[in-house]
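The values are calculated or read from the model by the stated rules, or taken from the named source; none is laboratory data. Bear in mind the structure is a predicted one, so any value in this text is a computation, not a measurement. Here the Cβ is made from the backbone with ideal geometry for all residues, glycine too, and neighbour counts use every protein chain on show. These accessible areas exclude ligands, DNA and RNA; they are computed on the full protein's heavy atoms, side chains included. Shrake-Rupley method; radii C 1.70, N 1.55, O 1.52, S 1.80 Å.
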Amino acid sequence: MALVYSEAHCVLVAYCGDLVLWIFGDYSSAFKQCCVVPCHFFISCPAYYQRTELLLSGITGAVVTWVIEPGGKGLYILQVLNMSGSELVVGISLNGPLNSLLAMCESFLRILVWWDHMHLAEEQTFSSPTSGHSFTCCCSCSSEDYLFGGNKVGQIQIWKLNQNMEQKPFINFQAHSSPVVLVYSQAKIHTLLTAGPEGILKEWHLTSGNLLRELRICKEELYSLQFIDDITFFVHSQYRFFLYHMSCFYQLFNNCGTSLRSLNRIHCGSNRTLIFCHAEDSLFCFLCPITGNLLFLTWPFPALHKAGSAAYEPKNKELFVTMGNTNVIIFDTTKCPSNAQIHPSS
């Protein structure tokens, strides 16, 4: 079963492999059925393109675009874009280079462009000169002019996009031992993410191809992994699904800017904890252990260079710092940065 949502029309379009498209209202209309539309061919990968408010679907040898009638009262075919060969279109990516679409066939990646904002045309076709294995996922990186494809034997295949339509430089490397579930370019930090059904997410340097790190995100077989936006991704396993936020997943803690003297986990009651950092520049800070967000920071007082031990009192939310003499500095951690009160110890 495949399901897509049209925000503009407030409807869900479902396909269950029965040559029929079902249209339902969204939660605002209690998911009431709007209509049933016969499609007369097997649909492999429905998708909704928000800019043109069109429904797209892949079939054998073509991509079909559909117009959704107001209120979801009906569907009708706008265009059938026939492509060379008779391969099934197994996936459609809405984030191709320069606002184009990517149609993923069994052994070809095709770039489709909008020539009048409503109709598609095929612009370029890419295939692997070394592998005849079917593609499973794809993406592009417009800033670096790359096209990436993952296949059923765990390979990542890379094409350098350029103005020469005949010359298409090609690179491939083995990323996983089984079909690639995800290939996703993080252009801002110059890395490439890949994932396999074994539940491991790997990060690669975008140009050198060096493996930077790998993390197990799922102990079950991973069916799909998809980015919802630049910082949030959806994971679907055999029995469960998860949402991850990249700030929690990729870099848990803030960069403190200097080496740490100490790092402790503080229990504050009611199942609440804080990460307490004492840096070499003598500053004290609290971090959220879930997001890594900075919650509290002291002013850089010269006296803190002589700071000794520190203790946190969760009831009044105060931080006590000893100075190696008879004085104790008290910080109000509800304020950031916090003013200090110096008290002589008794």
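Please enumerate the residues belonging to segment 67-89 that are under 26 Å from Thr125 (Cβ atoms) and either without any contact (Cβ under 8 Å) to a residue 24 or more places away in the chain or among the hydroxyl-bearing types (Ser, Thr, Tyr) (or both). Break it down stepwise before answering.
We begin by selecting, within segment 67-89, every residue under 26 Å from Thr125 (Cβ atoms); these are 77-89.
If the condition is that a residue be under 26 Å from Thr125 (Cβ atoms) and either without any contact (Cβ under 8 Å) to a residue 24 or more places away in the chain or among the hydroxyl-bearing types (Ser, Thr, Tyr) (or both), then Ile77, Val80, Asn82, Ser84, Ser86 are the ones that fit.
Answer yes or no: is there a residue in segment 195-209 that is open to solvent by 50 Å² or more (accessible area, probe 1.4 Å) and modelled with pLDDT of 85 or more. Write out each step before concluding.
Going through segment 195-209, the residues open to solvent by 50 Å² or more (accessible area, probe 1.4 Å) turn out to be 198, 205, 207-208.
Restricting the remaining residues to those that are modelled with pLDDT of 85 or more gives 198, 205.
So far as segment 195-209 goes, yes, one or more of its residues are open to solvent by 50 Å² or more (accessible area, probe 1.4 Å) and modelled with pLDDT of 85 or more.
Just wondering, is there one or more residues in segment 245-261 that are modelled with pLDDT of 80 or more and in contact with a strand residue (DSSP E or B) (Cβ under 7 Å, 6 or more places away or on another chain)?
For segment 245-261, residues modelled with pLDDT of 80 or more and in contact with a strand residue (DSSP E or B) (Cβ under 7 Å, 6 or more places away or on another chain): absent.
Identify, please: which residue in segment 84-110 is of a type in the set (Val, Ile, Thr) and farther than 18 Å from Ile156 by Cβ and is, among those, least open to solvent (accessible area, probe 1.4 Å)?
The initial filter retains those residues of segment 84-110 that are of a type in the set (Val, Ile, Thr), namely 89-90, 92.
Filter once more, so that each one left must be farther than 18 Å from Ile156 by Cβ: 89, 92.
On the way: Val89: 0, Ile92: 34 Å².
Across segment 84-110, the extreme among qualifying residues is Val89.
In segment 304-335, how many residues are assigned to a loop (DSSP other than H, G, I, E, B) and touching a Leu at 6+ places or on another chain (Cβ under 7 Å)? Let's see the steps before the verdict.
Initial filter on segment 304-335 (assigned to a loop (DSSP other than H, G, I, E, B)): 307-309, 314-317, 323-326, 333-335.
With touching a Leu at 6+ places or on another chain (Cβ under 7 Å) added as a condition, the list becomes 333.
Residues that pass the stated criteria total 1.
Would you check if Phe41 is more than 23 Å from the chain's Cα centre (by Cα), among the hydrophobic types (A, V, I, L, M, F, W, C) and in a loop (DSSP other than H, G, I, E, B)? Steps first, answer last, please.
Working: more than 23 Å from the chain's Cα centre (by Cα): yes; among the hydrophobic types (A, V, I, L, M, F, W, C): yes; in a loop (DSSP other than H, G, I, E, B): yes.
When the stated conditions are applied, Phe41 passes them.
How many residues are out of contact with any helix residue (DSSP H, G or I) (no Cβ under 6 Å at 6 or more places or on another chain), part of a loop (DSSP other than H, G, I, E, B) and open to solvent by 20 Å² or more (accessible area, probe 1.4 Å) if we restrict to segment 132-164?
Count: 10.
Conditions: (1) part of a loop (DSSP other than H, G, I, E, B); (2) modelled with pLDDT under 90; (3) surrounded by fewer than 16 Cβ atoms within 10 Å (Cβ to Cβ). Ser177 meets all but one. Number of the miss?
The single condition Ser177 does not satisfy is (2).
For Thr65, state whether it is under 30 Å from Val37 (Cα atoms), at pLDDT 95 or above and surrounded by 16 or more Cβ atoms within 10 Å (Cβ to Cβ). Working first, answer last.
Values: under 30 Å from Val37 (Cα atoms): yes; at pLDDT 95 or above: yes; surrounded by 16 or more Cβ atoms within 10 Å (Cβ to Cβ): yes.
When the stated conditions are applied, Thr65 passes them.
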